[in-house]
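> Please find one structure pasted underneath; my questions will follow.
The values are calculated or read from the model by the stated rules, or taken from the named source; none is laboratory data. Here the structure is a predicted model, which is why all the values come from computation and not from measurement. Counting neighbours? That spans all protein chains shown, and the Cβs are built from the backbone with ideal geometry, glycine included. These area figures cover heavy atoms from the full protein model, side chains too; ligands, DNA and RNA do not enter into them. Shrake-Rupley method; radii C 1.70, N 1.55, O 1.52, S 1.80 Å.
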Amino acid sequence: MAETLIPKIATPATTLTAAKTGTPLIEIENLSLYYGAAKALKDISLKLEEKVVTAFIGPSGCGKSTLLRCLNRMNDLIDNVRIDGAIKIGSHDIYAANVDVIELRKRVGMVFQKSNPFPKSIYENVAYGLRLHGFQSKSELDGTVEQSLRNAALWDEVKDRLHSSALGLSGGQQQRLCIARAIAIKPEIILMDEPASALDPIATTRIEELILELKKDFTIVIVTHNMQQAARISNYTAFFYIGELVEFDVTAKIFTNPAKKQTEDYVTGRFG
Amino acid sequence: MENHFESGLEALRQKILLMASRAETSVNQAVQALVQRDHDLAVKVREDDSVIDQFEVEIDEMAIVLLTKAPLASNLRLITVAMKVSQNLERIGDEATKIAKRARDLTQEPPVKINLDVNHIASLALAMVKDALDAFVHRDTAAARAIIPRDKEVDVLNKEIQQSLALHMMANPDAIARCLHWIVAIKSLERIADHAKNIAEEVVYLYEAQDIRHTLKS
């Protein structure tokens, strides 16, 4: 059985020594995932703290995106996937038989690598999920759409064209719209799968700043190939290699003094 | 939206200024203890040195974390300069401690009967430290460059005082031990001026990206 790793050093990742034990919101216990006979995740145990940013890093195929998708059961949509172990969010096993997956995905939102706005207006992109979750009154919808766009740092850029097509926005704006859409229904957790990898440096900076703002209200788990991005925005970093969790610690520690040589070799660009 | 990386750089800058203020205070108090034969003040300066040491450790720690975030251009220079400036400030603190130690020992002995212009060399060295930090704050590389030749003035004064003390020791062998304390204390003031010059050179590098170290030797 793999040991559960809980580094006892906390927010913000600006110091190497300040210590605080946060509340774990997500508890991954001995999780293994199989694509058919192939074991893609091997006995992962990990506790992720509330209202901080945790980055998953590792070379392609290491399982980081697979693990991310386990957190809102997106892997259920793939044939031949089998999972052993447990994932608890707020002490509830999200793989228990009675779990409503739609409700789960409301609590655990997701932003993907490629922005994927609906082919609708900017307003409708944010309002769509709200309507699905029972928002009816126009004033309530208007207020929540505005607040979500403000929280995604997009409002000032789109307030005069809310009813124009979302597809007319730039890549960075589309990605922030997807974040607005995700936060509109007030999830507890936001999963981000390389949310800035297709963006230019300016748009990337805006997304990174946005993530640092959002962590005040949300628990964020992000997969990134950009190690400096992980260093800039995350409090904790987990390094994966061929389906195994190699190391999990405070980000500053991972990037200045990792415990494992494999982690050091990866973060210094010697392999991967 | 707040720029978190910029906030980190600003925190680093503020930390350097706080450290500089502590270092300047230590030098001022050490000189005061030396000139006024104030035993208690000398002891206090030595005790306070650990605060300056701690600043150096904290600044290095902040800088290392910022470096992991891949800063570039002027941000990169600021972080590396911060580490060097803090090291120079820590050494200024050490020199203040050395002066304070000699000041403390001298209070246990009768005064040396020699007229030394300690205040002059001390004020020159301290003004260099202050001006170097002002140049850092105001991004004023002209002011930083103007500090560098002033180090020579301090070197000359140091030499003059050392010569006076050497002559006094030859004429008064009973004062040798006390004069050696003075020689060390004055040499520390000269070293403080050297560190101020180093800081000024780093300020030029920070804002002009030009390394002027070792280029102005006459």
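> Whenever you get a sec, compute what percent of the accessible area on the protein assembly as shown sits on carbon and sulfur atoms (1.4 Å probe). Provide the component values of the computation, followed by the final result.
Working: 11460 of 22230 Å².
Whole-percent figure for carbon plus sulfur exposure: 52.
> Further, regarding this structure: For B:Lys84, which lysines qualify as cross-link partners when the Cα separation must be under 20 Å and same-chain residues fewer than eight apart are set aside?
Result set, ordered by chain and number: B:Lys15, B:Lys69, B:Lys130, B:Lys197.
> Have a look at the DSSP beta bridges in chain A and tell me what percent are antiparallel, nearest 5.
Approximately 60 percent, going by the DSSP bridge assignments.
> Here is a further query. Which value, in Å² and to the nearest 10, is the accessible area of A:Arg150 when all protein chains are kept and the probe is 1.4 Å?
It works out to around 110 Å².
> Amide H neighbours of A:Val246 under 5 Å, at least 5 residues apart or on other chains, H built in the peptide plane: list them.
Under 5 Å from the amide H of A:Val246: A:Phe239, A:Phe240, A:Tyr241.
> State log₁₀ I(q)/I(0) for the stretch B:145-218 at q = 0.20 Å⁻¹ as given by the Debye formula over alpha-carbon point scatterers of equal weight, solvent excluded.
For the stretch B:145-218, the Cα-only Debye profile gives -0.81.
> Separate question: List the trypsin sites (Lys or Arg not before Pro) within the stretch A:18-65 that fall in a DSSP loop (any state other than H, G, I, E or B) and whose Cβ has at most 13 other Cβ atoms within 10 Å.
Loop-located and lightly packed - A:Lys20.
> Would you mind working out the magnitude of the charge dipole of chain B relative to its Cα centre, with +1 at each Lys and Arg C-beta and -1 at each Asp and Glu C-beta, to the nearest 20 Debye?
Here the size comes out at about 500 debye.
> Heavy-atom accessible area of B:Asp105 with all protein chains present, probe 1.4 Å, nearest 10 Å²?
Answer for B:Asp105: close to 40 Å² accessible.
> How many Å² of accessible area per residue for chain B, probe 1.4 Å?
Per residue, chain B has an accessible area of 47 Å².
> While we're on this one: Could you check which residue among B:His39, B:His195, B:His138 shows the biggest mean-square fluctuation in a GNM of chain B with a 10 Å Cα cutoff?
Ranking B:His39, B:His195, B:His138 by mean-square fluctuation puts B:His138 first.
> Per DSSP helix of 4 or more residues, -39500 (n - 2.57); summed, then divided by the residues of chain A. What does that give at 222 nm, rounded to the nearest 500?
-9500 deg cm²/dmol
> Okay, moving on. Return the residues of the stretch B:54-92 for which accessible area with all protein chains present is lower than in the chain on its own by 50 Å² or more; set the probe to 1.4 Å and exclude ligands, DNA and RNA.
Listed in order, they are B:Glu61, B:Val65, B:Thr68, B:Lys69.
> Can you tell me the mean projection area, over all orientations, of the convex hull of the stretch B:4-208's alpha carbons? Units nm², please.
11.0
> Hey, how much of the P(r) for chain A falls beyond 29 Å, as a percent of Cα pairs?
32
> Let me ask something else. In square angstrom and rounded to 100, what buried accessible area do you get between chains B and A, total over both, with the probe at 1.4 Å?
Between B and A, the summed buried area is about 1200 Å².
> How tilted is helix A:171-184 with respect to the longest principal axis of chain A? Cα atoms for both, answer in degrees (0 to 90, nearest 10).
Computed tilt is about 90 degrees.
> Could I ask something else about it? Among A:Val53, A:Val158, A:Val221, whose mean-square fluctuation peaks in a Gaussian network model of chain A (Cα, cutoff 10 Å)?
Sorting by GNM fluctuation, first place goes to A:Val158.
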